[in-house]
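Every number here is computed from the coordinates shown, using simple stated rules; none is lab data. Note that this is a predicted model, so its numbers are computed, not measured. Ideal geometry is used to build each Cβ from the backbone, glycine not excepted, and the neighbour counts take in all protein chains shown.
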Protein chains: 2
Amino acid sequence: MTTKLFRQDIKVINVGLARFYEDLKYQRAKVTKVDWRPPAGGNLKLIQLLSKAESEEVANANKIAVKKIVTSSPKLIDIKRARDVIGVLRGNMTLLHSGPPIEWERMSGPTKGGVIGAAIFEGWASDARQAEELAKSGQIRFETCHDNSAVGPMAGIISPSMSVYVVKNEENGNIAFSNLNEGVGRVLRYGAYDEEVQTRLKFMEDVLSPLLKAALIITGPLDLKNIMAQSLQMGDELHTRNVASSLLLLKELGPSMVNTDFSKSDISASIDFIVKNQLFFLNIAMAAGKSIMDAANGIRASSVITALTRNGTDFGVRVSALKDKWFTAPAPIPKTLFFPGYKEEDANPDIGDSAIMETNGFGAFASAASPAVVQVVGGDVKEALRNTIKMSEICLIKDKSFPIPQNNFEGIPRAIDLRRIIETGTAPIINTGVANKKPGMGTVGFGILDAPMGAFIRAFEEYASTL
Amino acid sequence: MTTKLFRQDIKVINVGLARFYEDLKYQRAKVTKVDWRPPAGGNLKLIQLLSKAESEEVANANKIAVKKIVTSSPKLIDIKRARDVIGVLRGNMTLLHSGPPIEWERMSGPTKGGVIGAAIFEGWASDARQAEELAKSGQIRFETCHDNSAVGPMAGIISPSMSVYVVKNEENGNIAFSNLNEGVGRVLRYGAYDEEVQTRLKFMEDVLSPLLKAALIITGPLDLKNIMAQSLQMGDELHTRNVASSLLLLKELGPSMVNTDFSKSDISASIDFIVKNQLFFLNIAMAAGKSIMDAANGIRASSVITALTRNGTDFGVRVSALKDKWFTAPAPIPKTLFFPGYKEEDANPDIGDSAIMETNGFGAFASAASPAVVQVVGGDVKEALRNTIKMSEICLIKDKSFPIPQNNFEGIPRAIDLRRIIETGTAPIINTGVANKKPGMGTVGFGILDAPMGAFIRAFEEYASTL
């Protein structure tokens, strides 16, 4: 009998606790793993809402959202002054910031630093003390980037005189904006605001932006989907690694930059600025991501996540069906690899609109494309692949337009489904830059984190109530 | 008894035929595979010579060769006219060609085409017929690139007026040269020679080369090891894929190119030429590889392969201990993905010095870094990894200076050991461009091939006789 049993082809299905599976696998048994946990952590209310949300109405709505996402092919069409294209910046002393809405008092150090730096840059204040008083007095109006078709990394401060990329989602007709990337270290978006920062911002406004604008006119609109897909083949995940994409941008614009009327020294300085900044393309990718997610936003009954973002204090989530409504939870502190001289206590909670990259299937979702990024925070190649596979469990599709060579050319996981987050208890993973928590400082490292579940649960409860 | 047997932890060691291993593995048995084949295919003479070659003398000699290879850090220091740096080109009507030595009569179509094009370019002949007669008459002297510290891809024709990269192996003190890459299609190195080819060569001599030379003076010597290591992180294998390395070169030289005295239109045209040629960096990488392998060549008793190269008719091999002696076998036709409009009958046998990349651990040896390349010839990601692992079986080291992310950051296999080729019967794999077999045509596709064993067997027999 035993003999017969062992001669048979034994197949085991392991449901639930992985321990048994691991044991059987170790013994080379044929075992299939069903990674079962009680849905929604066994929360009966959520389980009920989940069953309500498994409807044809939702499936159809999500089909529309998915179609918006995969058919979008954003183009970089122009570079303009923010005040000329973003309505709210035409008024007096208004600034955009990253993440969900927040008042001066609750702003984190790097956001405050960004506000101070922008107030000085705009000439509203002549030093940090004056700028701070101005902000405290309530004279500066704060608006989110996201509510104004824009995205900004880290503090995400966009002031009226700053230039912004203009990205058009031609398939949907909408426009999105982002500011230009300054590099890493003592830079405005990480809360630094001193003379070094101001001089760099002035160069970006006086030379870099108009030069890129002129080059763009010569080259014509840039196909961003093409650049982004190529860069995934070249080790970028397009959030914390934009090495290839930045060079591919130079490939497209370099010859035209030389052909503008700008002086050779301006052209050389601008090319130098781009090649020395391995995140230069990030803001363009973000604007592309925003233009795609805005197209998928506001679809009745769709459970697709259309924004993940942080203001350094709160983590904010948007779901398509609920359009512009924010659902928040406290922003966690990322697991960080610190630059020399910095430590845990220096790190600000998670900050920036750059999680629009994960919202679109890049960043940590595309980890497998970029093992170097996971390595930075102590992971290995397998963890990189694991992160991508894990994220595919909460996404509706794998987008073949963005294949990852190291994942056998499978597409990136896209269209995050709020229902799957609730059901599996798996939160989106985010790769991110980490700011010093004090204003006026800068970058302290790069990290990784799980988005906080609280925001998704609140979003889901309200979402389910509308079905 | 049977029960007890099955309750025991059965471990199987499978020696030899893989079929049994595969069966046991399919049954999830604990089985270790010893991929045993009789060494040297059971050839008793070779087995005897192999045992002679497993000596301390050889081990010590190979240690020296390995040290030469891993400590070499080639720098691009200049661009000069070939006749000013390569002695044999100072004489009347001399041309360098790729691969081992060959006379006009035995030259393949693309090599003949390259000779014709170079003769026209140099003004020795005014058309193809004249050039051909000149070559037939014996008035053109042919020398190999390899014998003159140079390497040239495909036909590898270097004529006196052409510019060459000057790469210095500072650790060893030697210099290596290569010509500039023209792009793909109707180009001289694939045997095309018409007006389009001549105009491009003229632009390269009149504008591109002097401009790059001037930029290099501003930037200073370029650390090629650094660029090559970075490019492996970005999907290049540095033989048939040089997408990232070419952009990384532009990153280093772009700002300086703008700062030269050249006109904006020359600068723009040159940047445009570089960004549109995804193989632009290949020739620089080849010169780097040549400078490394020449340093490791001529070490008494060393069994390290110091050149793999092809002239379109013969495949040639050099082994360190035997210095400049060539061992040849007929060049095979690569397994090719043809460009639209071409087929098997159009393909010339394997051609070019570019297998210096495989000789150095790049190309097919670094396949794992570049799954896109294997995909081109019908392979998948696993095959890419398999090729790298297979090549590590015939190499002495894995060089940590060139980690492959997709292989868990293991180094590329380097320092090919002739003994291991003979013992295992595993020939080096080579990624390659494929030329039209007729002169005057151009590129027909990209392919992959196993180097022919005959050349290695002949080399080994002579090598062993010197021990």
Rank-order B:422-430, B:43-51 by packing density, defined as the average count of other C-beta atoms within 10 Å over each peptide's residues, highest first. B:422-430, B:43-51
Shortest-first nm distances, A:Gln198 label point to equivalent points in other copies (7 Å, Cα→Cβ): 6.3
Using a label position 7 Å from Cα in the Cα→Cβ direction, what is the ascending list of nm distances from A:Gly173 to the same site in the other copies? 7.5
Using all alpha carbons of chain A, what is the percent of pairwise distances in each 20 Å bin, ordered from the shortest bin to the longest? 25, 56, 16, 3, 0
Against the empirical 2.2 N^0.38 Å scaling, what ratio does the C-alpha Rg of the stretch B:74-286 come to? 0.99
For the stretch A:144-239, I need the span (max minus min coordinate) of the C-alpha atoms along each principal axis, in Å, sorted largest to smallest. 40, 29, 29
In nanometres, what is the gap between the two model label sites at B:Arg129 and B:Thr466, each 7 Å from Cα along Cα-to-Cβ? 4.9 nm
In degrees rounded to 10, the 0-90 angle between helix A:109-121 Cα long axis and the longest Cα principal axis of chain A is 30 degrees
Directionally averaged shadow of the stretch A:242-366, computed from the convex hull of its alpha-carbon atoms, nm²: 10.4 nm²
For the pair B:Ile77 and A:Asp206, the simple spin-label estimate (label points 7 Å beyond Cα toward Cβ) gives in nm 4.1 nm
Antiparallel DSSP beta bridges within the protein assembly as shown, percent to nearest 5: 80 percent
The distance between the Cα centres of the stretch A:334-348 and the stretch B:322-383, in whole Å, is 47 Å
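What does the convex hull of the Cα atoms come to per residue for the protein assembly as shown, in Å³?
Expressed per residue, the convex hull around the Cα atoms of the protein assembly as shown is 190 Å³.
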Under a 5 Å amide H to amide H cut-off, with H placed in plane at 1.01 Å, what residues pair with A:Glu171 once short-range neighbours are removed? A:Ser73
What is the Cα centroid distance between the stretch B:166-205 and the stretch B:443-467, reported in whole angstrom? 26 Å
Site A:Lys276, offset 7 angstrom along Cα→Cβ, radius 17 Å on amide nitrogen, limited to the stretch A:203-233, gives A:203-209
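How would you rank A:281-287, B:342-348, B:207-213, B:230-236, highest first, on the average number of other Cβ atoms within 10 Å across their residues? Walk me through the numbers before you get to the answer.
Values: A:281-287: 28.1, B:342-348: 15.9, B:207-213: 20.3, B:230-236: 25.4.
Peptide ranking by packing, descending: A:281-287, B:230-236, B:207-213, B:342-348.
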Can you find, among A:Asn259, A:Asn297, A:Ala287, the residue sitting farthest towards the positive end of the charge dipole of the stretch A:240-345, where Lys and Arg contribute +1 and Asp and Glu -1 at Cβ? A:Asn297
Calculate how many DSSP beta bridges within chain B are antiparallel, expressed in % of all such bridges and rounded to the nearest 5. 80 percent
How crowded by other chains is A:265-275, given as the mean number of beta carbons from other chains within 10 Å of each beta carbon? 5
Assertion target for B:Thr71, B:Thr144, A:Thr313, B:Thr199, ordered by fewest C-beta neighbours within 10 angstrom first, is B:Thr199, B:Thr71, A:Thr313, B:Thr144
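Within the stretch B:366-467, count lysine pairs with alpha carbon atoms under 28 angstrom apart where the residues are 8 or more positions apart or belong to different chains.
Working: B:Lys382/B:Lys390; B:Lys382/B:Lys398; B:Lys382/B:Lys400; B:Lys390/B:Lys398; B:Lys390/B:Lys400.
Pairs that pass both the separation and distance tests number 5.
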Ascending count of other beta-carbon atoms within 10 Å, so fewest first, for A:Asp78, A:Asp324: A:Asp324, A:Asp78
Using only helices, what value at 222 nm comes out for chain A when you add -39,500 (n - 2.57) per DSSP H run of length 4 or more and divide by the total residues, to the nearest 500 deg cm²/dmol? -11500 deg cm²/dmol
Report the residues of the stretch B:353-382 in range of a label on B:Glu171: point 7 Å along Cα→C-beta, backbone N strictly under 18 Å from it. B:357-362
What is the distance in Å between the Cα centroid of the stretch A:396-426 and that of the stretch B:117-148? 58 Å
Taking A:Phe327, B:Phe177, B:Phe142 and counting other beta carbon atoms within 10 angstrom, the fewest-first order is B:Phe142, A:Phe327, B:Phe177
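From other protein chains only, count the Cβ atoms within 10 Å of every residue's Cβ in B:254-264, then give the mean. Could the numbers behind the result be given before it?
Details: counts 11, 10, 3, 5, 13, 7, 2, 1, 1, 2, 7.
Per residue, the number of nearby Cβ atoms from other chains is 6 on average.
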Once the label point is placed 7 Å from Cα along Cβ, list for A:Lys323 the distances to the corresponding points in the other copies, in nm, shortest first. 8.4
Where a ≥ b ≥ c are root eigenvalues of the Cα gyration tensor, a/c under 1.5 meaning rounded, otherwise prolate if a/b exceeds b/c and oblate otherwise, the stretch B:318-440 counts as oblate
